[in-house]
Each structure stands twice: as structure tokens, then as C-alpha cells.
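Peer 1: I have a structure I would like to understand better, so I am pasting it below and will then ask my questions one at a time.
Here, each number is a calculation from the coordinates, and none is a lab measurement. A quick note: this is a predicted structure, and the numbers were derived from the prediction, not measured.
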């Protein structure tokens, strides 16, 4: 099992206590744990790759040559893909994809060049293809998934059926399930809070109502203004916090800072 200590910022991007703020339950800092169980027998390659980022040396000592390796212990949850019903985590700030030799993919991180192997299971030797788990196996979500042919450490957690599908089964052709969320009270609280966070959308509010309804037009105009302010705040706050990916704004990007502050690994 891998347990992430996670916190979610309030809307102004801060984590510290502010007594002067109104007592809004939806705008309080969340601090909790997310516990994940990995399917080491069914998806051994994915499990191994995941654990490399969970157990990576992160301290500035002789063992790392003075430079840490990329680790989930300082990663972010940045995406809530509502269309496909998946919450995206494992984004490690500063980790970028590059290439070496004849186009071989590799990662660049803290001055290091690190191999970037693909997460691919060999079902012909390790497991039976019939054991591959469908993303619809847990209708209410909680399965851990990774995009096929993607070398990055980014992973997803199914959050229930997507807006464009009756289930998460649509992900079976593009992703591989390799674990699930252990349904502890804290894990469930985190997932519920995370999927309800505001996200970026390039579909700003538009006036589609009858012009005769002044009250509705006022509400829509206010929503459009909030959308614009929210987007600009997110860009500025994330740049201040050192998120190198902030220049890329995309649909589904979470408009709060959701970060892993530490993690622990328990082998069974």
C-alpha cells in the first residue's frame, strides 16, 4: 500500500489558518490521506514503475549526488477530466520529457537525464489477458489507471462514469488499471472533495436566456466575471508557487492547489 498525505488549498491558494475568513466549509483547507493498493500480480510492470516514484530518494544527500530524483512525495493532482470520469495525479513539477541518442525518450529533472520506459504489461508471460481489469469494475470509481504508451508518472483515479459515457469502460482501450483506492474515511473524503473542486473551462458563461429576464442575465454576467477572475488568479498563484506547467491551461485543470506533502509505502 502507498499512502499519500495530501492537502488542498482554499480558493486564494493559501494553506495557513486565517481566522478572518468566513466559515465556508467549501473554502477550508483540506488535509488528509489517500491510501492506494496496487495490483502487483495483475499489473507488475505498472506496479514497479509506480513504486519507483513512491520510493525515490528525494533528499539532498550523498546518496543522490546532491540532486533528488522525481518523487510522488512532492507531486500534484491537477486534472479532473469530467468527460471520462478520471481524476489526474502524479504531476511532478520540473519533470520534463526529452530525448537522447536516436530519439529515445528520457526525462530531464534537476539537471539529471533519467530513463523513461513505457508502462507496458506483457500478458503473454506474466498474466492472462483475461485478468486485465476493466475501468467499469468499480461503478462508483476508485480504480487507479495509467495511460498506455505514456512514460510519465502521471496516473488517474476513476471518479465514476464520465459525462459522455454510461461507465468508465471507454478508458479500457487507452488505459490500464493497476490498483485501487483503499476506501478509508480519509481517502473517501479526499476523493469527494477533489472531484467537486472548480476546474478551468474555455466555455465561459454565455447569455442564452430571454433578455426580458433581467435577474437571470445579472446572474450569468456575474458568473462570466467570476470565471475570468478565477482563471487569472489561478495562473498568477501557480506561477508564484513554482508550477512550471502553468503556461499550459487546459479544460479540466483544477483551480486549486492539490499537493502531496509526504508519502509512505507499506509492503505486504
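Peer 1: Compute the length gained on full extension between residue 51 and residue 15: take 0.36 nm times their separation in residues and subtract their Cα-Cα distance, giving the result in nm to one decimal. Could the numbers behind the result be given before it?
Peer 2: Values: separation 36, 0.36 × 36 = 12.96 nm, distance 2.82 nm.
In short, 10.1 nm is gained.
Peer 1: Shifting gears a bit: What does the extension gain come out to for residue 250 and residue 5, with contour length at 0.36 nm per residue minus their alpha carbon separation? Could you put the intermediate results ahead of the total?
Peer 2: Working: separation 245, 0.36 × 245 = 88.20 nm, distance 2.61 nm.
Between residue 250 and residue 5, full extension yields an extra 85.6 nm.
Peer 1: Need the full-extension length gain, residue 189 to residue 262, defined as separation in residues times 0.36 nm minus the C-alpha distance. One decimal, nm. Mind dumping the intermediate values first?
Peer 2: Working: separation 73, 0.36 × 73 = 26.28 nm, distance 1.80 nm.
Full extension of this stretch gives 24.5 nm more.
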